[in-house]
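Visitor: Structure below; questions to follow.
Any read-out appearing in this document is the output of simple, stated calculations on the displayed coordinates, not a laboratory observation. Keep in mind that this is a model prediction, so the values were computed, not measured. With ideal geometry, Cβ positions are generated from the backbone for all residues, glycine too; neighbour counts draw on all protein chains shown.
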Amino acid sequence: MASFLRGKQAGIQNDLSAGILSELFAPDDQARYGINSQIGSLAYDPVQSLLAIGTNETTFGSGQIYIFGQQRVQATLTLPRRASVKTLQFCADRLISLDSKNELIIWDLALQKKVASYAPPGIVTALVTDPMLDWALIGLQNGEVIAFDLDREKLAPLRLPNFWRERNPRARLVSIVSMQLHPRDIGQLLIGYPEGAVIYSFKQNRAIKFFEYEVPIGAPGGTADPIGAEKVRKPHLTQVFWHPSGTFVGTAHDDSSLVFWDPKDGRVVMARTITDSHVDKPGTQSSSFGNTPGTFALKEPFSKIAWCCKENPEDTGILLAGGVPTTLPQKGLTFLELGPTPVYATSTWQILTNHFEAKRQHLLPVPPGAEIADFCLIPRASPHFAGAQDPIAIIALLTNGELMTLSFPSGYPISPTNQLHPSISFVHPFVTTMAVAPVERVRWLGMTENRQQGPQVVRGGAESTKTLKRYEARNIVQMAHGDGTVRIWDAGHDDELENSTVLQIDIARSLDRYDDVNITSLSMGSSTGEVVVGTATGEVAVYRWGGNKLFGREAPQTTETVAGGLTDIASRAEPTLKEGLQPFVLYDMAKGPITAVKMSDVGFVGVGSEAGVFSIIDLRGPAVIFTASLSDFVKTDKRSSFMKKGNSSTSTKPDWPVVIEFGVMTLEGDSYSSIACFVGTNLGKVATFKILPQPNGGYSGQFAGVTSLADRVVSISPINAETGKLAPATGPTVGALRTGQQTNGTLVVVTQTEVRIFKPATAKGAHKTWDDVLCDAANVTDFEDRGRALVCLFGDGTTRAYSLPALKEIGIAKVSMLDKTRSTNSLVTSSGDIFGWTGPSEIAMLGVWGTGQPLPKSTDKLYNPEAIVPPRPTISNLQWISGTQYVSPTDLDLLIGGPDRPPSKRMLAAAAAEERLARAGGSSRGAPGTVSTEGWGDYMTRQLNERTEKLNIMGDTTDRMLESSQAWADDATRLAKKQGRGLMFSGITKGLFG
């Protein structure tokens with residue numbers, strides 16, 4: 001009976017939800033976008049061109065691993081138990097992770113699943129892998145090093161003792177803090193302990209060199225503390241790193257000093273800080289920022305150091321995060337450009353020392369107030385040299401959890417738009433406001449911006465093929481970020497994306513200022529693609545698709561903003577954007593923060609501010625055709641309700657617009673249809689305005705009436721009372737007004753505690769209340785043209801569907817994946833999709849008209865078997881001849897795994913390649929140690945024979961050179977004697993016969 005009465009009260013004769021059964025309301029968990037928690041680690045594979053991001057365990061869930069490729073390629077790996085991801089490293093076709101529960105996990109990139117795990121006997125403090133090795137070298141807190149076999153998925157027999165304790169049995173701090181393999185000689189491992197560093201030789205099975213840094217009395221050291229200079233200091237070591245060619249060894253210490261060593265004799269080549277050199281020499285004065293005589297500045301500890309090189313590994317520089325004074329006003333990454341490395345064999349000690357004075361020093365800045373916690377280099381091609389050869393960009397992790405991409409070495413910010421996956425954009429920087437608009441498919445297909453852009457950062461992987469939904473409007477997400485940019489992209493319907501590119505709008509540039517740019521509201525036209533953006537400082541910017549007349553150059557003259565009016569801002573377009581969403585007009589409302597905006601499809605924009613002012617802009621002029629304060633139309637209701645506790649309209653709370661919608665329908669008391677604008681406020685008022693044509697060709701706004709509801713308006717849906725379809729203001733519906741066509745429409749208005757269906761502007765209509773829960777998002781949805789229903793999302797973590805007009809509950813479902821504390825920021829689209837936040841930087845997309853399917857696993861392909869890891873750099877011939885023993889990755893397999901280890905997959909592949917080469921008629925002699933049956937004694941014998949053979953060849957060549965030189969000298973002597981005799985006889989002849 002109640003359902004029948006509601007239909008009569010609402011003026012709707014038909015059951016608009018007749019074709020929707022309760023079992024059809026079963027939400028599908030379709031997708032996740034964003035990063036679920038705070039980022040803790042980064043890794044990049046230049047061979048596969050994949051980016052991995054690991055997150056920490058928080059209240060929003062366990063740590064996860066995200067792997068991103070080109071465009072929309074993405075895969076998510078879930079840890080087997082709740083933990084934080086501490087370290088990520090790519091190793092050929094595997095990804096190695098170390099979590100806070102001290103578990104080492106090997107993930108297969110091709111299968112996208114865990115293939116092995118290992119819990120080491122102690123706390124892991126350092127992890128070293130190499131794309132050419134089947135081993136993960138694990139440094140433990142007790143100072144020992146163990147090896148895990150990645151191919152056989154078990155612990156290897158190798159176990160290195162604590163070398164520093166053997167050197168100094170009284171040492172107390174013995175844990176390993178850092179490790180790195182020699183970039184060329186894979187047989188050497190650099191191990192860092194708090195008290196010093198050690199070079200371990202796998203070939204000799206012993207520590208061959210020790211490095212211990214000591215600051216003498218009178219030397220400033222890294223801190224330049226004048227009191228501390230009165231005694232000898234031994235700063236604790238924090239990181240170790242090799243020169244790309246292995247010529248030098250670097251150590252970083254907790255006093256922000258960098259020490260460079262000669263690995264041959266263990267001498268200090270240079271001890272310096274970022275600003276000062278020779279800090280280990282008594283009498284050196286500090287020139288660091290913030291230092292005055294008798295004082296010193298505290299410095300940040302080094303968070304990460306990378307010794308980078310160009311394509312030529314001898315041309316190097318050092319990239320540092322940290323190590324600068326805390327009082328420095330501008331923070332960022334520091335790059336010490338060292339330049340070409342001097343030839344060690346022919347350079348004096350002074351030349352080697354001067355090399356570390358650095359040719360130039362660059363600061364790669366970050367936003368004010370931010371600091372670098374970690375960074376990941378993006379090499380152009382090579383995974384070797386510790387992932388630091390020829391980098392083109394840097395992805396920096398800031399202490400606040402945001403990501404920032406910088407060009408290298410210039411340090412210019414790189415926008416993630418069409419460079420990184422949209423999920424990464426959620427933290428690049430953080431999202432402040434989000435909106436979703438149903439944009440027509442044809443319109444979206446034509447919106448591909450043409451922008452100047454550098455080389456692609458991530459190019460790996462391949463997207464899977466999905467079904468294509470051609471007849472549905474696209475779910476276009478508009479995200480506002482903390483840096484004043486808006487990124488627009490297609491979230492889809494868990495289907496094939498025909499246009500997966502991202503659009504970008506620079507609001508800060510449109511406002512002609514780059515500080516205090518806080519975006520509060522967004523809206524996009526469904527058929528026009530126009531965008532309107534509102535800010536907290538009262539400005540409204542409108543954008544249209546088009547070309548840039550100033551492409552490639554700045555505007556010759558600046559445009560002054562008209563206070564309180566409209567300003568043409570076409571000249572503020574981005575010089576790098578040739579075609580895209582260009583700035584059109586700026587409305588400086590100057591009435592407090594913008595609380596609501598709405599872009600219609602017929603050239604009108606609705607704007608509401610916190611001061612309660614509402615305006616309508618006609619973009620044909622453009623002109624502001626209506627401006628008024630809602631308090632002029634909304635009368636104070638002096639009645640109070642005894643049904644709701646504490647509800648009284650006699651309060652003088654400020655009222656402002658929160659929802660704006662445009663529609664075409666016949667209003668109550670009219671005999672014609674018109675364009676109407678409906679404005680819902682935070683106190684539950686719904687004001688209706690008519691937009692009427694004028695004789696001069698323009699339009700004007702006219703107040704039509706107001707209806708009072710219980711509380712804050714959540715959504716307004718104008719619908720056709722006969723069919724239930726939405727009745728927005730579109731080109732065809734507005735054009736039909738000229739012929740006198742009428743639309744029998746009604747409004748479905750949802751507030752936090754009730755829903756009301758009524759004919760605007762002032763009819764009572766039918767209503768339903770919710771006494772136990774609050775509604776946070778709602779919309780009238782269309783289910784495959786079978787019917788329409790009202791879908792609501794509630795604060796108790798449920799979503800419910802109600803029939804129209806009876807408002808009878810069709811179904812209810814739990815959406816426990818959504819964060820209840822951010823439920824008010826959720827969105828329900830007209831197609832029945834829910835966008836809700838699951839954490840600070842991740843949203844879930846749910847389709848309510850489904851079958852209750854869980855979140856599907858990614859079917860994108862990550863691993864490309866045709867992308868081959870290039871050979872690892874090796875020692876030079878001169879180093880080999882001088883006595884350095886060459887150890888190949890296969891030899892290292894023998895040294896670490898022992899003679900009884902079966903051949904690995906890589907070894908079998910190498911043997912097969914050797915056999916193919918032999919069958920093709922090539923030499924069957926391969927790299928040392930490729931045959932797994934060769935013993936260590938045979939290996940050493942072969943090495944000695946090869947070296948002797950090379951030395952004999954070199955000796956023969958030298959002998960031939962000596963013989964040739966002697967023959968040339970003899971010929972020259974004979975020629976000189978012959979010339980001398982000729983000259984003498986010529987003189988005698990002239991004397992006798994002259």
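Visitor: Put +1 on the Cβ of every Lys and Arg and -1 on every Asp and Glu Cβ in the chain; which of Ile208, Pro383, Phe662 then has its Cα farthest towards the positive end of the dipole?
Guide: The one lying farthest along the dipole's positive direction is Ile208.
Visitor: A follow-up question, please. Which GluC sites (Glu not before Pro) in region 695-786 pass both tests, a DSSP loop state and at most 15 other beta-carbon atoms within 10 Å?
Guide: Glu722, Glu784
Visitor: I need the peptides 472-482, 345-355 ranked by packing, meaning the mean over residues of other C-beta atoms within 10 angstrom, with the highest value on top.
Guide: The packing order, highest mean first, is 472-482, 345-355.
Visitor: Let me check against my output: what whole-number percent is the relative contact order of the chain, with C-alpha pairs under 8 Å and at least 6 apart?
Guide: 12
Visitor: Further question: Once both labels are modelled 7 Å past Cα along the beta-carbon direction, what's the Arg81-Ala563 spacing in nm?
Guide: 6.5
Visitor: I want to check the label-to-label distance for Tyr471 and Glu166. Put each point 7 Å from Cα in the C-beta direction and report it in nm to one decimal.
Guide: 7.6
Visitor: Using only Cα atoms, locate the centre of region 857-871 and the centre of region 677-701, then give the distance between them in Å, rounded to an integer.
Guide: Computed from Cα coordinates, the inter-centre distance equals 57 Å.
Visitor: From the Cα gyration tensor of region 19-70, with a ≥ b ≥ c the square roots of its eigenvalues, which class applies: rounded if a/c is under 1.5, or else prolate if a/b is larger than b/c, or else oblate?
Guide: Since a/c reaches 1.5 but b/c is at least a/b, the shape of region 19-70 is classed as oblate.
Visitor: Identify, among Gln330, Met404, Val679, the residue whose Cα sits farthest towards the positive end of the charge dipole of the chain, taking +1 on the Cβ of Lys and Arg and -1 on the Cβ of Asp and Glu, with the dipole about the Cα centre.
Guide: Ranked along the dipole, the leading option is Gln330.
Visitor: By per-residue mean of other Cβ atoms within 10 Å, what is the highest-first order of 90-98, 462-470?
Guide: Descending mean neighbour count gives 90-98, 462-470.
Visitor: Restricting to DSSP H runs of at least four residues, report the calculated mean residue ellipticity at 222 nm for the chain, -39500 (n - 2.57) per run over all residues, nearest 500 deg cm²/dmol.
Guide: Rounded to the nearest 500, the figure is -4000 deg cm²/dmol.
Visitor: Given +1 on the Cβ of Lys and Arg, -1 on the Cβ of Asp and Glu, and no further charges, what dipole in debye does the chain carry about its Cα centre, rounded to the nearest 20?
Guide: 120
Visitor: Give the residue from Leu150, Ala26, Thr528 lying farthest towards the positive end of the charge dipole for the chain; charges sit on Cβ (+1 for Lys and Arg, -1 for Asp and Glu) and the dipole is referred to the Cα centre.
Guide: Farthest along the dipole direction, towards plus: Leu150.
Visitor: Show me 793-801, 597-605, 79-87 ranked by packing, highest mean number of other Cβ atoms within 10 Å first.
Guide: Ranked from most to least packed, the peptides come out as 597-605, 793-801, 79-87.
Visitor: Just add up the charged neighbours of Pro80: K/R +1, D/E -1, any other residue whose Cβ is under 10 Å from the Cβ of Pro80.
Guide: +2
Visitor: What FRET efficiency comes out for Val773 versus Lys725 if R0 is 25 angstrom and r is the Cβ-Cβ distance? Round to the nearest 0.05.
Guide: It comes to 0.30.
Visitor: Now for a different question. At Asp970 and Lys808, where each label point lies 7 Å from the Cα along Cα→Cβ, what is the point-to-point distance in nanometres?
Guide: Here the modelled spin labels are 12.0 nm apart.
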